[in-house]
1. Give me the mean projected area, in nm² to one decimal, of the convex hull enclosing the Cα positions of the stretch 216-298.
2. A 28 angstrom limit on the alpha carbon distance is what I want to check against. Which of Lys144/Lys201; Lys49/Lys139; Lys46/Lys225 exceed it?
3. Please list, in chain and number order, the residues 5+ apart from Val266 or on another chain whose amide H is under 5 Å from its amide H, with Hs placed from the backbone.
4. Considering the Cα positions of the stretch 273-320, please state its Rg to one decimal place and its Dmax as a whole number of Å.
Amino acid sequence: MAMSLAPIGSLASLSSDVYYDILRRLDGPTLASASCACASFFSISKEEKLWENMCSSMWPSTNRQDVKSLISSIGGFRKFYADCFPLILNKEVSENKWNNYPEYSEEWTEAEYYGDMDKFESILPSDFISIVDIRYKEKTICSKVLWGIPNANGFDGWFYNCPFRIDLLTYAARDDENDGELTLSISDGLPQIASIERERKDGKLWLELCNGFQLSWIVVNRRIKQAANLASWSPVGGQRHWPTDKDFVLRFGSVLPAKDVLPCQVVECIFSMKLRVTHTEGDGVQTTIKLTELSMQLEDMEGAHVNGRNSLLILKEALSCHRSKNYSEVLESCHLYSKVQSELKEEKMRNESRFERLCILSGIGAFMMFWYCIL
């Protein structure tokens, strides 16, 4: 919320209570700017209550008492907002950089592939907390908190060598008082659709879902006292009518550094939100959709799932990487990653096709030479 501030001289006679009342009405970026206006604003802008209210408005999940205690233990609400309002921006992604993308090969030793094992042993799955808020058309429709990473027990457990994945709705619901099904209807702003057949033609509901949903998935590491929002806020892609006509998939994400962890150097953190149409106008009731899945996983440049061991290393490093308040710039980075990834896949397919042709030609040549020698 932008507002004009009176000249500094005219504010000198106002009490600190009036200052506070002015500042509490601002949004986060405006409050940060206003704190530079004068010494009084700067002093009051450091009040934790201001930033606690700011976080509560932005992320309703921070209203929980256990989350408030967590945020206080890692530096307070002001720091939490400064860390989590900007989104992760990886400037290492560029089209030129990946022209010489290193392929996976047998020459990589296990130690090189898995990185510094001593560093890994200091990372505990129980140190990671997920704070998740989902909005539809600026209205918060779901807030969940997941303490630790499910089923990550023991260093030699399956988690460390299997693909990393968190299914939030499966695990967070166990400790959630409001663990019922999440549904949306026209009262929440959904458009009324006559039938799925009609939706396949005009895509009205799909467009509303893409423009209306916003996702914040904050990961906190309480051991190193750092936090970051790993989601892209707005969807970076999706798929209509998959795997059935009534299903929709929205994809959010960010590009995370994986230097010294994986040969591809960067990975994509993918949040997949699945929605299903349960009723249409043709059923005699208002249009209703149900949130059926919200998951998080990491994929490398070749589209392979990153295992649990490497994912913990990458997540820890991601909490201290570069951020940007320019959400459009963040989305561009994600789209560029997808573009480069597609080009690499196409190049790999072309190379494989050339190799197959060479093998066929070599086989034909050998066959002809064999018969020439016989004759």
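Since every read-out is calculated from the coordinates, none of them should be taken as a lab result. None of these values were measured; they are calculated from a predicted model.
1. On the way: hull surface 29.6 nm².
Convex hull of Cα atoms, orientation-averaged projection: 7.4 nm².
2. Details: Lys144/Lys201 35 Å; Lys49/Lys139 23 Å; Lys46/Lys225 19 Å.
With Cα atoms farther than 28 Å apart: Lys144/Lys201.
3. Ala258
4. For the stretch 273-320, the Cα radius of gyration and maximum Cα-Cα distance read 18.3, 52 Å.
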